Amino acid sequence: MSVQYICHNGKFISDSDLSLSHRNRAFCYGDALFETIHCLGTTPQFLQLHWERLSNGITALKMKPDDDFNSGLISNIIEKLLNKNRIFKGARIRLTVYRSPGGLYSPEKNNMEWLMESSALEEEHFVLNKKGLVADVFDEVHKPVNKLANLKTNNALIYVLAGIYRKENGLDECFILNQYGRITETISSNVFLVFDKQIITPPFTEGCLTGTMRNTVLNIAGEQEYEVTERGILEKNLLDADEVFITNAIQGIKWIGAYREKRYFNFVARKLITRLNEIAFGLL
């Protein structure tokens, strides 16, 4: 097996040579953020959206990155890392930023460290699933709505428990409820409901993640002359929808085929993913 490289604070090393302190704050307290970025060749898609979300998260968590930590550096490191790992088709980049070790709950300092890793994807472009996903609601734990809810942090226990529930119940996906009992997102995606020419998705005030693909798909839907509305979604709304689809940065758009006794079409999802590939990869 060939050596796989990662980049730790700007230095490329073998993944087997990485050594992190047991005082690492991402490990001890989940004091960290991360981004997952889709790449084709060595080119990241929608990097500016990822950078804006990451920057907002860094500011919200009061971390202090080095002055040279910017979108240009990230783009440069992505290109070098994918070349070193000889990944030249579809790729997934994970960039984790975390507060430097020191202190207990109260950190001694707010300096920031970071780690980038890469992996190959089976598909180069965004491909709509042939078979609709089977989904249901995970209601054992509800997601709080607060200033942390929209951030992509390492505090992911609700998604871990939902993932276990998904496996235990033979599902493909689970809807996550917020503290008000409304649908906010799924395990790893934002949620969209289609009613004829209207597309509905929860607003950020419902506690959903500020998904980069969510933003992109909203723009595409508006361009395609759909009426886009951001409002709260109840479980019963799932039974009235014509379509339900979900979005994230790595998979693009996936359509839900079944929720309990309800079955869905995928006409809008197919139309949107075609336009998404045109924008992301220039596919016509």
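Between ASN155, ASN110, ASN146, which is in the same structural domain as ASN70 (by TED's automatic domain parsing) and surrounded by fewer than 17 Cβ atoms within 10 Å (Cβ to Cβ)? First the steps, then the outcome.
Details: ASN155 fails: in the same structural domain as ASN70 (by TED's automatic domain parsing); ASN146 fails: in the same structural domain as ASN70 (by TED's automatic domain parsing).
Result: ASN110 is the single residue among ASN155, ASN110, ASN146 that is in the same structural domain as ASN70 (by TED's automatic domain parsing) and surrounded by fewer than 17 Cβ atoms within 10 Å (Cβ to Cβ).
So which residues in segment 9-54 are of a type in the set (Phe, Trp, Tyr), in a helix (DSSP H, G or I) and farther than 23 Å from ALA249 by Cα?
The initial filter retains those residues of segment 9-54 that are of a type in the set (Phe, Trp, Tyr), namely 12, 27, 29, 34, 46, 51.
Now narrow it down to the ones that are in a helix (DSSP H, G or I): 27, 29, 51.
Correct list: PHE27, TYR29.
Within segment 115-128, how many residues are within 14 Å of ALA26 (Cβ to Cβ) and either touching a Pro at 6+ places or on another chain (Cβ under 8 Å) or charged (D, E, K, R) (or both)?
Selection size over segment 115-128: 1.
Go through segment 41-65 residue by residue and tally those that are modelled with pLDDT under 95 and either over 18 Å from ASN277 (Cβ atoms) or among the aliphatic types (A, V, I, L, M) (or both).
So the count comes out to 1.
Residues to consider are ARG166, ARG182; find the one that is in contact with a Pro (Cβ under 8 Å, 6 or more places away or on another chain) and over 19 Å from ASP31 (Cβ atoms).
Numbers: ARG166 fails: in contact with a Pro (Cβ under 8 Å, 6 or more places away or on another chain).
Every option except ARG182 fails the conditions.
Go through segment 158-178 and report how many residues are surrounded by 14 or more Cβ atoms within 10 Å (Cβ to Cβ) and either in the same structural domain as ALA91 (by TED's automatic domain parsing) or under 22 Å from LEU239 (Cβ atoms) (or both). Working first, answer last.
So in segment 158-178, the residues surrounded by 14 or more Cβ atoms within 10 Å (Cβ to Cβ) come out as 158-159, 161-163, 165-166, 171-178.
So of that shortlist, the ones also either in the same structural domain as ALA91 (by TED's automatic domain parsing) or under 22 Å from LEU239 (Cβ atoms) (or both) come out as 162, 165-166, 171-178.
Total satisfying the criteria: 11.
Quick check: anything in segment 191-211 assigned by TED's automatic domain parsing to the domain that holds PHE138, in contact with a His (Cβ under 6 Å, 6 or more places away or on another chain) and at pLDDT 95 or above? Break it down into steps so the answer makes sense when it comes.
Taking segment 191-211 first, the residues assigned by TED's automatic domain parsing to the domain that holds PHE138 are 191-211.
Cutting the leftovers down to in contact with a His (Cβ under 6 Å, 6 or more places away or on another chain) gives us none.
Checking segment 191-211: not a single residue is assigned by TED's automatic domain parsing to the domain that holds PHE138, in contact with a His (Cβ under 6 Å, 6 or more places away or on another chain) and at pLDDT 95 or above.
Taking the stated definitions as given, is ILE6 in contact with a Pro (Cβ under 7 Å, 6 or more places away or on another chain) and either outside the structural domain of THR212 (by TED's automatic domain parsing) or outside any loop (DSSP other than H, G, I, E, B) (or both)?
On the way: in contact with a Pro (Cβ under 7 Å, 6 or more places away or on another chain): no; either outside the structural domain of THR212 (by TED's automatic domain parsing) or outside any loop (DSSP other than H, G, I, E, B) (or both): yes.
So ILE6 does not fit the description; no.
Within segment 274-283, identify whether any single residue is buried (at least 22 other Cβ atoms within 10 Å of the Cβ) and assigned by TED's automatic domain parsing to the domain that holds GLY181, and answer yes or no. Give the derivation first.
Initially, segment 274-283 is screened for residues buried (at least 22 other Cβ atoms within 10 Å of the Cβ), giving 276.
Now restrict to residues that are assigned by TED's automatic domain parsing to the domain that holds GLY181: 276.
Checked against the condition, which is being buried (at least 22 other Cβ atoms within 10 Å of the Cβ) and assigned by TED's automatic domain parsing to the domain that holds GLY181, segment 274-283 yields at least one hit.
Considering only residues that are over 23 Å from GLU35 (Cβ atoms) and surrounded by 15 or more Cβ atoms within 10 Å (Cβ to Cβ), which ones fall in segment 243-269? Spell out how you get there, then give the answer.
Going residue by residue through segment 243-269, those that are over 23 Å from GLU35 (Cβ atoms) are 243-244, 255-269.
Residues satisfying the conditions are GLU243, VAL244, TRP255, ILE256, GLY257, ALA258, TYR259, TYR264, PHE265, ASN266, VAL268, ALA269.
What residue, among those in segment 190-242 that are closer than 16 Å to LEU49 by Cα and not hydrophobic (A, V, I, L, M, F, W, C), is surrounded by the most Cβ atoms within 10 Å (Cβ to Cβ)?
THR212
Are there any pairs with C-beta distances below 6 angstrom linking a residue in segment 96-109 that is touching a residue at least 12 places away in the same chain (Cβ under 8 Å) to a residue that is aliphatic (A, V, I, L, M) and surrounded by 16 or more Cβ atoms within 10 Å (Cβ to Cβ), with the two at least 6 apart or on different chains, and if so which?
THR96/ALA32; THR96/LEU115; VAL97/LEU33; VAL97/MET112; TYR98/ALA26; TYR98/ALA32; ARG99/MET63
The values are calculated or read from the model by the stated rules, or taken from the named source; none is laboratory data. Just so it is clear, the model here is predicted, and its values are computed rather than measured. Methodologically, a virtual Cβ is constructed for each residue, glycine included, from the backbone with ideal geometry; neighbour enumeration extends over all protein chains shown.
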